[in-house]
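Here is the structure we will look at.
Every number in this text was worked out from the coordinates using simple rules, so none of it is lab data. Source: prediction; values computed, not measured. Because the Cβ atoms are built from the backbone with ideal geometry, glycine has one as well, and the counts that use them run over all protein chains shown.
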Amino acid sequence: MTTSSGVVRPDESLAGHLRHWAAARGGEPALSCEDVTRTWAQLHDRCSRLAQALVAAGVRPGDRVAHLGLNGAEALELLLASGMAGAVHTGVSWRLSPRETEAVLAHAGVSVLVVAPEQAEVAEALRSTLPALERVVVTGDSYEEWLAAHPADDPMVAVSGDDLALMMYTSGTTGLPKGVTFTHRGFRATAMMEGPTGTDVSSTALVAMPLFHSAGLSFAVMALGAGAHIVVAREAKPSHLLDLLERWRVTVTMLVPAVLRTVVAEPGLDRRDLSALRTIVYAASPVSPELLSRCLDLLDVRMIQNYGLTETQSATVLSPEDHLDRARPHLLESAGREAPGARVQVRGADGALLPDGEVGEVWVHTPAAMAGYWDDPEQTRQTVDDAGWIRTGDAGCLRDGYLYLRDRIKDMIVSGGMNVYPVEVENVLHEHPAVRDVAVIGVPSERWGETVLAVVVTDVPAPSVEELVAHCRDRLAAYKCPTLVEVVTELPRNPSGKVLKRVLREPYWAGRDRRIG
């Protein structure tokens, strides 16, 4: 990479993958979405124009830019163009309520927002409350005109591997959003998944998960680094995914378990030509052995489980061979062994290592780990130690090198692969005038792994379940809202007044070894 000053240096940016493959395989397909396919050279030209547009809009190295909307080619173009311009790409969930969207954009200090037409009205309404937001560009004609007005010349802004590349938001335990930041070098390390998946230049990779989510972004970057043909699914509807798997002869994809379950349950699955599909990676939450067996029988593919947090990316891998090990069927209950380059430990409350079989907190050290939480050094200090080990908040044990997850030390709920922090839901329910006390817990769900249950103490007469759920839906993303509400006269508390959530959870998780969705 030659910078504008003429200095030659290794290209450590996320855009380095694009530059490499544009030079090596310029005429080969790089990215397909809906009915449009672009070669590596064409993708490089478009991202160069977008990078020039960002620079012309006043974006400087370190500034935050964001995409808001369903999956599309524009989301990946903005990620790569941000790398070219030295900006920090920020993923924003289209599932958030306007209030939540405003909080994320304000916290990140986003200056340029590329937004899908279905989110444009929300974005325009927020401009007056977000002084840092200087430009909103709607995908479609306006976006294309914006790109066409700038030259297809890579600005070649000097970027270090230690510079921030992107930020993904996850709800905080205080009810406030947390921006999980990654350096260029750190997120490029997600390509370490290439070995287990076997993805290379001959592969066609279907990006089915949202590109604001760790599962979608990390898989896309892995495929990008491998030089695979990337197919982007607009939405994760099972019929749509099956259409794409057939049409593009997809060889590898990543799905969260909730989506995987809908795919194998889709009518007419046996009439689909999925003969090209070799590998399915599943992540974000565990899969039951029953669902795994069904996938292996119906799809005849290699299954790979990745366990990790947004903060760590891939920490452990359950390999295809582990899935088929008939002598050790219990391996299907595990999260696998350490991923390439990662280290996993189980520690007690005092930080000391625990022996095999003893349950404690899972700690992870990986080159793909976050750089820290945006503008939150205290939360970063509490999560990452001086040696770079990350406390996951998950409880588990190691046996013969395999990690078995048992429960969460923190209260986070994972529903359909999406993180839900109870305090965020509790804060919203407390706003209802009839709610006197509330505790939110995760309970088992066959479809979602876990679903949200609100245990509430209310005035008499109590509001209806429908009223309480509607109250939440006006203020929270749908996946965070309770699907179940239980009205009680009081919540169990310890002598210091803390709600005993383990007491509330016990009836729902009784008899289950793995108390995690």
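Brief remarks follow.
- A full extension of the chain between A158 and R271 corresponds to an added length of 35.6 nm, given 0.36 nm per residue minus the alpha carbon distance.
- Each of P320, V252, L296 was placed along the dipole of region 201-353 (beta-carbon charges, centred on the mean Cα), and the one lying farthest toward the positive end is V252.
- Size of charge dipole - region 413-509 - debye, nearest 20, with Cβ of Lys, Arg +1 and Asp, Glu -1, no other charges: 320 debye
- Calculated FRET efficiency for the pair V201/Q382, C-beta based, R₀ 35 Å, to 0.05: 0.25
- Ranked list, fewest to most other Cβ atoms within 10 Å of each Cβ, for T312, T129, T253: T129, T312, T253
- Gap separating the Cα centres of region 351-399 and region 16-78, nearest whole Å: 34 Å
- Each of H17, H432, H67 has some number of other Cβ atoms within 10 Å of its Cβ, and from fewest to most they run H432, H17, H67.
- Angle of helix 15-24 to the longest C-alpha principal axis of the chain, folded into 0 to 90 degrees and rounded to 10: 50°.
- Within region 335-425, GluC sites (Glu not before Pro) in DSSP loop having at most 14 other beta-carbon neighbours inside 10 Å: E358
- Gain on full stretching of the segment that runs from E506 to E144 - 0.36 nm per residue minus C-alpha separation: 124.9 nm
- A simple spin-label model places pseudo-atoms 7 Å from Cα toward Cβ; at T489 and E118 they are separated by 4.7 nm.
- Between 0 and 90°, nearest 10: helix 73-85 axis offset from the chain longest Cα axis: 70 degrees
- Counting DSSP beta bridges with both ends in the chain, the antiparallel % (nearest 5): 55 percent
- Label sites at E34 and V457, each approximated as a point 7 angstrom past Cα along Cα to Cβ, lie 5.3 nm apart.
- Candidate cross-link partners of K178 among the aspartates and glutamates, defined by an alpha-carbon separation under 14 Å and a same-chain spacing of 8 or more, comprise E100, E102, E311, D375, D376, E378, E424.
- Residue separation of A24 and S128 scaled by 0.36 nm, minus their Cα-Cα distance, works out to 32.9 nm of gained length.
- Rounded to the nearest 10 degrees, the inclination of helix 214-226 to the longest alpha-carbon principal axis of the chain is 30 degrees.
- Think of it as helices only: each DSSP H run of n ≥ 4 in the chain is worth -39500 (n - 2.57), and spread over all residues that comes to -8500 deg cm²/dmol at 222 nm.
- Unmatched cysteines, the chain - criterion: no other Cβ of a Cys under 4.7 angstrom: C33, C47, C295, C397
- Answer label, with Rg and Dmax of the Cα atoms in Å calculated from the coordinates and candidates (i) 24.2, 81; (ii) 28.6, 91; (iii) 22.8, 74: (iii)
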